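Some notes on the structure that comes next.
Where a number appears in this text, it was derived from the coordinates with a stated rule and is not lab data. Small disclaimer: the values here were computed from a predicted structure and weren't measured. Neighbour counts are summed over all protein chains in view; Cβ atoms, including those assigned to glycine, are modelled from backbone coordinates with ideal geometry.
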Amino acid sequence: EVQLVESGGGLVQPGGSLRLSCAASGFTFSSYAMHWVRQAPGKALEYVSAISSNGGYTYYSNSVNGRFTISRDNSKNTLYLQMGSLRGDDMAVYYCARGSSSWARNNWFDPWGQGTLVTVSS
Amino acid sequence: QSVLTQPPSVSGAPGQRVTISCTGSSSNIGARYDVHWYHQLPGRAPKLLIYGNNNRPSGVPDRFSGSKSGTSASLAITGLQPEDEADYYCQSYDDSLSGWVFGEGTKLTVL
């Protein structure tokens, strides 16, 4: 069974840092681009970041560029999102999702993990 | 404000047909990028519903269909059922942002 399990969410103070992880199983992790998508409470899905299958390409939305870093360890089948300079508007459930190919603009996302909640508050 | 515009809400009675629009521009849907659709039940993760404009993953009933024309796309749901009540999102790629984008989401209510 293809499965993605996020972890690492929690309470962090404004300006703080947090690293999210996404453990993949049931498929050849190194063959697929991976993505992070977030959803603030009661709000719509917001695209965050992407990384190609071999880690050679990355993308960040304008809202997180310069503060977040996406990475992956294909030997551990794990995706990461290092988040820094966290702000109140970063508070959300963060989902990891598998892309439909190694890296393509027409990627769709399937499956998704269950999400991990990041709370930014003092 | 997303570059893909969806109606905030739609509704229909059981058995009826509803459509959800996703309006973009020449930098995304009109640039011939595919549109994909997801649905999200309350408190759950999103799930892929339609990919590549009009393709259903295995397990998705044929009551769900997608279409695309010009700078817009639509999701149609026929034979509406109570369990279809969820949030629906379109997704594509945008050249201006050089990245992937989601629509604003549409809440479907089954009356």
For the protein assembly as shown, the Cα gyration tensor yields equivalent-ellipsoid semi-axes (√(5λ), largest first, whole Å) of 28, 19, 18
Per the 1/(1 + (r/R0)^6) rule, R0 = 30 Å and r from the Cβ atoms of residue B:54 and residue B:11, FRET efficiency to 0.05 is 0.80
Per the Cα gyration tensor, the range A:1-108 corresponds to an equivalent ellipsoid with semi-axes, largest first in Å, of 22, 14, 13
Length gained, residue A:65-residue A:105, 0.36 nm per residue minus C-alpha separation, equals 12.5 nm
Ranked from fewest to most other Cβ atoms within 10 Å of their own Cβ, B:111, B:75, B:49 fall in the order B:111, B:49, B:75
Quarter of the surface of the C-alpha convex hull for the range B:1-89, i.e. direction-averaged projected area in nm², equals 5.8
